[in-house]
Structure formats: C-alpha cells, structure tokens
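Read the structure below first, then the notes.
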Amino acid sequence: MSFGRFIYSLLTFATLIAPVAVFAGPISAYYLTYGDGQKVYMVQGNSLVNTINTNPATNHPYPIAVADTVRTFTYRGQVFGSEYQLDGTPTGNTYYNPEFLSLTDGTTDGVNFNYAIQWSTGAVYRYDRAWANGSVLFTVARDFGGITFDSMTGTLWVNNRVNGETRNYDLSGNLLSSFFANSNVGWSLAYEEASDSLWYWGDNDSRLYNYSKSGSLIESVAIAGVSGNILGGEFAITGRATVPVAGSLALIVLGLVGLGWHRRSS
C-alpha cells in the first residue's frame, strides 16, 4: 500500500469511529450525589455502573471531591461526610461538618484543596483535602450551586440551575468567561479530564448533558436507574488533563503526514 493510500485509509477510519467516540456518554466514571437518599451513583458511558450507599443515613452527602478516593461532605451541619475507594468501598475515614451551610456541590484540585459552593449565596468555600479549615474564597450569586475544578486551566467553573448560566472564574474570583447551557441542567457540574469538557445531570429528564468549555452542546445521553434530587457531581481528577481521543488521533495523523513529507523531501 502506498503512503498516500495509507493516510487516506486512516482518515476514513477516523471519520467512521468519530461518532462512536463522541456519542457514548462520559469516558470516565461520573460520580453523582443523591444526598437525601444517601446514595452516590457512578455513571460511565450510557449506563449506571455502581451505587454507593453512604453511611450514616443522616449525613446528606452532596458536596463531593474525587481524586485517588471519593470524599463526600455534607449539606447539613453537625454530621459527617465519608471517604470511599473509587469502587465504592468505605475506607472508614469521616469528615465532620460543624456548620449548616447548605453546600450543594464540591470539587478538588486533587493535591491541596477541596472546594464547595453554597447555593443560597453563591459563596465558594475552600477547604483542605480533609474537608477542614474552610473559608470563603469568593462569592458569585444566588442559585449558583454547581462547582468543578478545571485541571487544564487551574480554574473553577460554577453553574446556575435556574437559568442554565455557567461561569468560569480564576481562584481570585475574577470572571473569565460564561455561557448559557440548557436551563434543565442541574447543579452536578463536573469537569472531565479525558474529554476536556463539562458534564451536567438533567434535573427533570434523567439525562446527562455534555458541553464544551466554549458553551457548545456536544451530546445528551439518557441514563436508566438514576433518580432523586441530584445536586453534586464529579469525575476523578489526576491534577493533569489528558488528551482527548480525537486529539490523539489527530496528532498521529499529523505525525504520519509529516513523516511522509520528510520522506518525499529527503
């Protein structure tokens, strides 16, 4: 096979697999918190793959931080969040919340800090990795109750489930960008490193919504078996973003094209 025909075949293959890679739900496990029902759902692709039953039953674990383990915090005060392995196995570690702050969603940078947001004021709280020593980092506005850390840029995304607005802030509270998603999206905002994109749980239709960071809808996926008042959501963060599948394929193609050009020129 000639080099030109090989490149043509590779590009044709990329075109054929692109819809499969894009329209398949999240690449990584998406953890969704149903605190009133004491559950954490794990969704991957277009399926519910696991359900973590949290304990104790009165902790209302909505804020969630996922890195090497899953660490839940609480909507209510004077109760405990808990830690789990990524497969849902309890570690026995707990995190006491002394204050009733109405925290709806959480996130982490995976190294130094966890973050949570208070829906009634839009206050963004920063904690250490053990959900302790919390303080207000900055404040956005009421009804912003979803939050996630973007490891590609080292910034925070927050969203409003009333009007669908999503905002990107640096850690000093400076607004960097914003867009409006479907007004049906909930607060369970999550940044997925594997696709460098944002995911939401639909409040009323049992669907996941995937948006680019510029505000374009990429896909929506129906998920069976997930129900209840879903407020928190996160993907495991490694502290570094990975190259999406499509991007990797493009780099391979460009590399091969460059190799072919070099061969013709030598």
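Exactly one of these conditions fails for Asn160: (1) buried (at least 23 other Cβ atoms within 10 Å of the Cβ); (2) closer than 30 Å to Gly92 by Cα; (3) of a type outside the set (Ser, Thr, Tyr). Give me its number.
With (1) buried (at least 23 other Cβ atoms within 10 Å of the Cβ); (2) closer than 30 Å to Gly92 by Cα; (3) of a type outside the set (Ser, Thr, Tyr) applied to Asn160, the lone miss is (2).
With the requirement that a residue be surrounded by fewer than 22 Cβ atoms within 10 Å (Cβ to Cβ) and over 17 Å from the mean Cα position of the chain (by Cα), what does the range 100-117 give you?
Phe100, Ser102, Asn112
Looking at the range 50-67 only, could you name the residues that are at pLDDT below 95, buried (at least 18 other Cβ atoms within 10 Å of the Cβ) and β-branched (Val, Ile, Thr)?
Matches in the range 50-67: Thr54 only.
What number of residues within the range 164-181 are crowded, with 17+ Cβ neighbours inside 10 Å and over 14 Å from Ile147 (Cα atoms)?
2
Pairs needed: first member in the range 187-210, closer than 13 Å to Ile237 by Cβ; second member anywhere, of a type in the set (S, T, N, Q) and outside any loop (DSSP other than H, G, I, E, B); C-beta distance under 9 Å; at least 6 residues apart or different chains.
Short answer, once both residue conditions are applied: Ala190/Thr107; Ala190/Thr148; Tyr191/Thr107; Tyr191/Thr148; Tyr191/Ser197; Glu192/Asn210.
Is one or more of the residues making up the range 131-143 under 24 Å from Tyr84 (Cβ atoms), among the small types (Gly, Ala, Ser) and either crowded, with 17+ Cβ neighbours inside 10 Å or without any contact (Cβ under 8 Å) to a residue 60 or more places away in the chain (or both)?
Yes: the range 131-143 contains one or more residues that are under 24 Å from Tyr84 (Cβ atoms), among the small types (Gly, Ala, Ser) and either crowded, with 17+ Cβ neighbours inside 10 Å or without any contact (Cβ under 8 Å) to a residue 60 or more places away in the chain (or both).
The values are calculated or read from the model by the stated rules, or taken from the named source; none is laboratory data. Here the structure is a predicted model, which means the values were calculated and not measured. Counting neighbours? That spans all protein chains shown, and the Cβs are built from the backbone with ideal geometry, glycine included.
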